[in-house]
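Quick notes on the structure that follows.
The values are calculated or read from the model by the stated rules, or taken from the named source; none is laboratory data. For clarity, every value in this text was computed on a predicted model and none was experimentally measured. So basically every Cβ, Gly included, is an ideal-geometry build from the backbone, and we count neighbours across all protein chains shown. Surface accessibility is based on the protein's heavy atoms, side chains included, excluding ligands, DNA and RNA. Shrake-Rupley method; radii C 1.70, N 1.55, O 1.52, S 1.80 Å.
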Amino acid sequence: MPTDNNPTESISINQSGAGRWVNGRWVTGLPTITTDSRPVANAPLEKTPPSTKGISIPFRVEFSIYTGLILVALAMRLYDLGGRAVHHDESLHGYFAYQLFNGGGYEHNPLMHGMFLFHSIATSFFLFGDSDFSLRLPMALFGAIIVLIPLLLKPRIGQFGALLAGLFLAFSPSLLYYSRFARNDIFMAAFTLALVGVMWRYMDEQKNRWLYIAAALVAVGFATKETQYIVIALIGGYLFTQVWKEVRNWLYARRSLHEFTPEASFFVLLVTLSLPLLAAGIAVFQNVLGVTLAAEDGTPGIVTGSPSGSGWNIAIGISASFLAASIAIGWYWKRNLFLAVFGVFALIFILIFTNFGSYPAGIGSGAWQSLGYWLAQQDVARGNQPWYYYFMISSVYEFLPFGVAGAAAIFYVFKSGIRPWLLLALITAATIVLANSSLSFERGMIKGTEQDVLTYVGKLSLLIVYGAAVAIPFTLKITKINKFLFFWTIGTFIAYTQAGEKMPWLLVNVVLPALILAANILNDVIMSIDWRKAWRSQAGLAIIGVPIFYVFVWRLAFNQPGEGFVVQFLSWFGILFPVGILLLGLQVLGSRIGRSQAFGITGLLTVVILFGFTFRAGWVASFENSDIPREMLVYTQTAPDIHNLVEEIARTAELTGDRFEIKLAIDIRDAYSWPWQWYLRRYSNVTYSDFTSDEIEIEEDRIIAVINENNNASVVTRLPDGFSDGRKLVHRWWFPESYRDVSSGTFLGTLIDRDKWAGSVDYFLYRKLANPIGTIDSYVYFSDEVPFAPTE
């Protein structure tokens, strides 16, 4: 046991039921005894008795399963990858990556996040040519590769846990959709999961190679998207709960840094690598200091997120101080190791942000403006979504992992004594206060707009809810890895709920920890069941009984028995009697193999049913409605009409013989220049104008003109002679967000009012919308000079 007199002594026992790694080999059944974080030679090991429960998969079969899984994942991500209309954001990413690919360069702009995205797309263009397919190819490849990353966690989450995690990652509706979308989020999911896996590998094996890999992952994460700050905060927060005593002893000079345990050493690594990039966080005090450290959006003459005036001196001073503190801590930790690890981090960060040396200012913008920009954007709250947004969208697409995690949390709370109940009582009391609008909210001004803002009572109540929620995992009687996964899941959900910007693509980050947690929980269930005994006890009948049970539960929830006592009695009896018989069958099975194993088998079959719905949700979103905003994942999207018009322009260019020199006019009102800038990137004779002004006219030599519907009435009177009648097209459309501005009481009341379930069920199953899809349209005009195409 660690003592103050001998702080370097520690004993840890690996209690992972799945086994562990010893000198590069996978070993099961024996605990690892270490002293001072190093294995003790010839330590007495007590062999655990072999278990009659659980099953395992031979290596060759496991290898074949992973091979098939990654091939299926790759096929789903590559199929018709270029067939969907290019989204507004995708067109921005594609256009600037195209400029980078062509040697035109691209300077870091935090509006579009880190530089890794642009370098990866530009590389794809270099290898496969520029197209809608190659624009999305890097994301598709990462979306397939992420299936294998849970293997890093196999020593902790077990063989079935790693396999199930890969399966969930392959078929997750949000991960599947955004693996086919040119955004950063699938990159971040891969880097985050890899960093978590590397952390546990280092803590288990204590080999420095994992620190080098971790440094690379931290660097490339910061170079990809600013959500890396949330990732580091959550992983660092968990580690701090484990090593705070060591940190305290170091502060009191009772322990030196180089004596830290693996957990504390990894915590030091994250702190030293991230500290220089946290300097811009001082901008939250810029109003108190009276200087501009991160200019707000729309500040004249100043780039959003950048310092101004005397703020530059403070920014440089703070950055230098944080860098010096980082180096000092690393120096006294493990000098040579730190310098090498920090070198890996710095090299990757600098190369990516400076465009491999061509844009030196990228170091400053990456180190300061990345965080500064999004701090300035917090109150802007892009998307303007309600607080319950992720509760709602998760219930539509990611119900499986959150359902498993929620059920497991309830089970563990009942098994863990009084402490979690005290925290739940605290959360309930604080939530009741928050629900009282007169206590918790008042009218206030945010960015010049009057809105409801939290009072001091409301802020305190919200802090209590969040604090108690993230503390619950540490009160549960569960394994260390499960405590981390619950903490990671809850902390991530809270972080993205509290963040000002709420968007459907961020669901990729929100659901990631829940997917791994669900896989680990199911691994525990699978390994706890004596499958031979269960089979001999006719547990196989549950394969039929469980689906039938849910059919009757469904009928019970939506039963409309009609009028008359006899009719109502027969209706309810026809449902409740089979349900009772099935529950009796569960009781009989429980008496034979044990209640926990019977419930475990029932739970696993429930997961199989939910997986079927998950597969369907992902397939419909990615392949049937991929650019049609019946899906909440689609949000706002370029309409297929524009994608088709691009092909029509290409055919017209061939007919006229002008090819890439065909003369086009594009109306850019309402940001209509996107996605046209991407689609027409090769065309050299395109004019982009806002035709709102009567003084701007379409040139007479234009062959095709695309006009915003809001300008069409005035432009049609100014069209040159020889143009055909306009054809109306849908330019952009969006999901009808009728759920906005719903009060907390109405939202919660909908969950318990059966009469209000019908609309939600219709949307969940059939994507039926109560309101029409929102649209903004275009009109396209063709010159009479376009020749007719020959018919066959």
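Worth a mention:
- Sorting 504-514, 201-211 by their mean Cβ neighbour count within 10 Å, with the most densely packed peptide first, gives 504-514, 201-211.
- Solvent exposure ordering (accessible area, 1.4 Å, most first) of Thr692, Thr304: Thr692, Thr304
- Kirkwood radius, the chain, all distinct C-alpha pairs, inverse of mean reciprocal distance: 29.6 Å.
- Relative to the current alpha-carbon distance between Glu654 and Arg682, full extension at 0.36 nm per residue lengthens the span by 8.7 nm.
- Cleavage-rule hits (chymotrypsin sites (Phe, Trp or Tyr not before Pro)) in the range 303-386: DSSP loop, at most 13 neighbouring Cβ within 10 angstrom: Phe356
- Calculated FRET value between Ser416 and Glu695, using beta carbons and R₀ = 56 Å, to 0.05: 0.15
- Shape descriptor for the range 95-243: Rg over Rh equals 1.01 (Cα atoms; Rh from the Kirkwood inverse mean 1/r).
- For the range 409-517, fraction of C-alpha pairs farther apart than 23 Å, in %: 40
- Label-point separation, Phe573 to Tyr766 (7 Å along Cα→Cβ), nm: 3.2
- Taking every protein chain into account, the 1.4 Å probe leaves Met199 with about 0 Å² of accessible area, to the nearest ten.
- Cβ-Cβ FRET estimate between Tyr550 and Ala346, R0 fixed at 51 Å, reported to 0.05: 0.40
- Spacing of the two label points (7 Å from each Cα toward its C-beta) at Glu563 and Leu339, in nm: 9.1
- In plain terms, the chain from Val620 to Ser591 could stretch by 6.2 nm, reckoned as 0.36 nm per residue minus the Cα-Cα distance.
- Each principal axis of the Cα atoms in the range 102-158 has its own extent, and those three values, largest first, are 48, 26, 15 angstrom.
- Inter-centroid distance (Cα atoms) of the range 599-650 relative to the range 670-689, Å: 29
- Listed residues Phe96, Phe486 arranged by accessible area, highest first, probe 1.4 Å: Phe96, Phe486
- Amide hydrogen neighbours beyond the local backbone of Asp777, cut-off 5 Å, H modeled: Glu709, His731
- FRET efficiency, 1/(1 + (r/R0)^6) with R0 22 Å, evaluated for Leu463 and Ala425 via beta carbons: 0.85
- Mean ellipticity per residue at 222 nm, deg cm²/dmol - from DSSP H runs of n ≥ 4 across the chain, formula -39500 (n - 2.57): -18500 deg cm²/dmol
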